[in-house]
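Notes follow the structure.
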Amino acid sequence: MLRFFTVGASHKSVPVAGLEELSRRWGAEADGALNKFREHLGQAASELCVLATCNRYEVYGAGSEEIQESLKRRLNESLGSSAACYSFHNGEAVRHVFRVAAGLDSMVLGETEILGQVKTAYETARQGGFTGQVLNTIFQKALAVGKRARSETRLSQGRLSVASVALELAGKIFADIKNCTVAVVGSGAMGTETARNLVWARPKNTLFLSRSLERAQALAREFGGQAATLDELPRALRIADIMVTQLSVETPAITRALVGQALLERTRDLFILDIGFPRNVEDAVGRLARTYLYNIDDLKGIAQANARNRQEEAEKAAVIIDKELEEFWPQTSTRLNALKWERAVPALH
């Protein structure tokens, strides 16, 4: 019998290295990952969507219980564990994607990037022909619920994004970012969000580096600063006080050798925030003198403190989600009954 399901792992269940391993095994880009999962699962998985971010790696689908269990088994095998991945189906899976879209399952509670990431994952699957009546119905509703949870609460007010938390950490290292030169490496959504926060912090100089000079120039025009391609990365390491990097790379672009060479030509401390996925910077860089390296795992402490401060708003958002689920799921399961849908309504809490 057909069911809607999700199988995956997140920052709550595995360290960032585990998410990187899933990315390496199955693909960091949604379109490539979708093809791999379809090849493994066959047409029995009638619909698929992959959400791969720095904080989670999840596969959503429509298929049988056997398909769901097969997928969970393969992902756990990729992680060398029988219990690393979580798995939900039908109403509980719907609740999960609602919570993800609202930012309630994020490392930074209420963070703003995830709603756009869910939309991009869904659009990639839809345009690739991997979605149908089931995923289209559920994901379109999840996006609407995510927007409502933010608009009717203060969940997303203030410094909530991963990028802003990263800058908060930098502010604890440097007395005044206004005296710093900052390099933003990468032009993805989180890199752009970081640039937005940098404008507020007003560093002395800002350098934007991207594979595309045009994209770097667009960021420099929008936020103020200089633009360069990744060929200028060695120079950026020589002049920057703070470097925030978010590149989509298979292997680290910033190596111990590269940073070590830059340190020979500078006397100031170098603070690197690696918010890339997979990680952009070799771990050995953090052991170099005068170099401070932080990655996604290191941001958890600040994120957890922020989460405590926002728990009241999160509880309000959770009530909205439960009400939406209570109205949406029975109607949807009835409408999809022609697809031999499993109509198990979850207990609300």
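Laboratory data are not the source of any read-out in this text; all were calculated from the coordinates shown. Please read these numbers as outputs of a predicted model, since none were measured by experiment. Reconstructed Cβ throughout: ideal geometry from the backbone, glycine too, with neighbour counts over all protein chains shown.
Once R0 is set to 25 Å, what does the formula 1/(1 + (r/R0)^6) return for the Cβ-Cβ distance between Arg235 and Lys172, expressed as a FRET efficiency to the nearest 0.05?
My answer for the efficiency is 0.40.
As a check on your grasp of the helix formula, calculate [θ] at 222 nm for the chain: sum -39500 (n - 2.57) over DSSP H runs of n ≥ 4, divide by the residue count, round to the nearest 500.
-15500 deg cm²/dmol
Would you mind ranking Leu34, Leu336 by Cβ crowding within 10 Å, fewest neighbours first?
Leu336, Leu34
Percent antiparallel among DSSP beta bridges with both residues in the chain, to the nearest 5?
45 percent
Once fully extended, how much extra length lies between Asp298 and Lys204, figured as 0.36 nm per residue of separation less the alpha-carbon to alpha-carbon distance?
Contour length minus Cα-Cα distance gives 31.3 nm.
Order of Ser164, Ser70, Ser81 from fewest to most other C-beta atoms within 10 Å?
Ser81, Ser70, Ser164
What residue among Tyr60, Leu48, His89 has its Cα farthest toward the positive end of the dipole of the range 1-124, where the charges are +1 on Lys, Arg and -1 on Asp, Glu, each on the Cβ?
His89
Where in the chain is the longest stretch that carries no GluC sites (Glu not before Pro) classed as loop by DSSP and with at most 14 other Cβ atoms within 10 Å?
Longest stretch, sites excluded: 30-151.
Between the range 315-337 and the range 1-55, what's the alpha-carbon centroid distance in Å?
Computed from Cα coordinates, the inter-centre distance equals 25 Å.
Please work out how much length the chain gains when fully extended from Ala17 to Arg287, using 0.36 nm per residue of separation minus the C-alpha to C-alpha distance, in nm with one decimal.
Extending this stretch completely gives an extra 95.4 nm.
Which one, Gly171, Leu288, Leu79, projects farthest toward the positive side of the charge dipole computed for the chain from Cβ point charges (K/R +1, D/E -1)?
Most positive-ward Cα: Gly171.
Any idea which of Phe5, Ser210, Ile138 is furthest toward the positive side of the dipole for the chain, if Lys and Arg beta-carbons carry +1 and Asp and Glu beta-carbons -1?
Ser210
What is the Cα centroid distance between the range 174-197 and the range 260-274, reported in whole angstrom?
16 Å
When a footprinting reagent is the concern and you count Cβ atoms within 10 Å, what order do Phe88, Phe5 take, fewest first?
The order, fewest Cβ neighbours first, is Phe88, Phe5.
About the Cα centre of the range 186-282, what is the dipole size in debye to 20, counting +1 per Lys and Arg Cβ and -1 per Asp and Glu Cβ, all else neutral?
The dipole magnitude comes to about 240 debye.
By how many nm would the segment from Asn136 to Thr120 lengthen if fully extended, with 0.36 nm per residue of separation less the alpha-carbon distance?
Here the segment from Asn136 to Thr120 would lengthen by 4.4 nm.
Computed FRET efficiency, Cβ-Cβ of Gln261 and Asp31, R0 45 Å: what is it to the nearest 0.05?
That gives a FRET efficiency of 0.80.
About its Cα centre, what dipole magnitude does the chain give when the only charges are +1 on Lys and Arg Cβ and -1 on Asp and Glu Cβ, stated in debye to the nearest 20?
500 debye
For semi-axes √(5λ) of the Cα gyration tensor in Å, pick the label among [x] 25, 25, 21; [y] 33, 24, 22; [z] 38, 22, 17 that corresponds to the value derived from the coordinates.
Answer by label: [z].
How much FRET efficiency would the formula 1/(1 + (r/R0)^6) give for Arg196 and Ser81, where r is the Cβ-Cβ distance and R0 is 41 Å, rounded to 0.05?
According to the calculation, E is roughly 0.60.
Which three extents, in whole angstrom, do the alpha-carbon atoms of the range 238-336 cover along their principal axes, largest first?
Rounded to whole Å, the extents work out to 66, 33, 19 Å.
Take Arg335, project a point 7 Å from its Cα along the Cβ direction, then tell me which residues of the range 113-139 have their backbone nitrogen under 14 Å from it.
Inside the label zone: 132-139.
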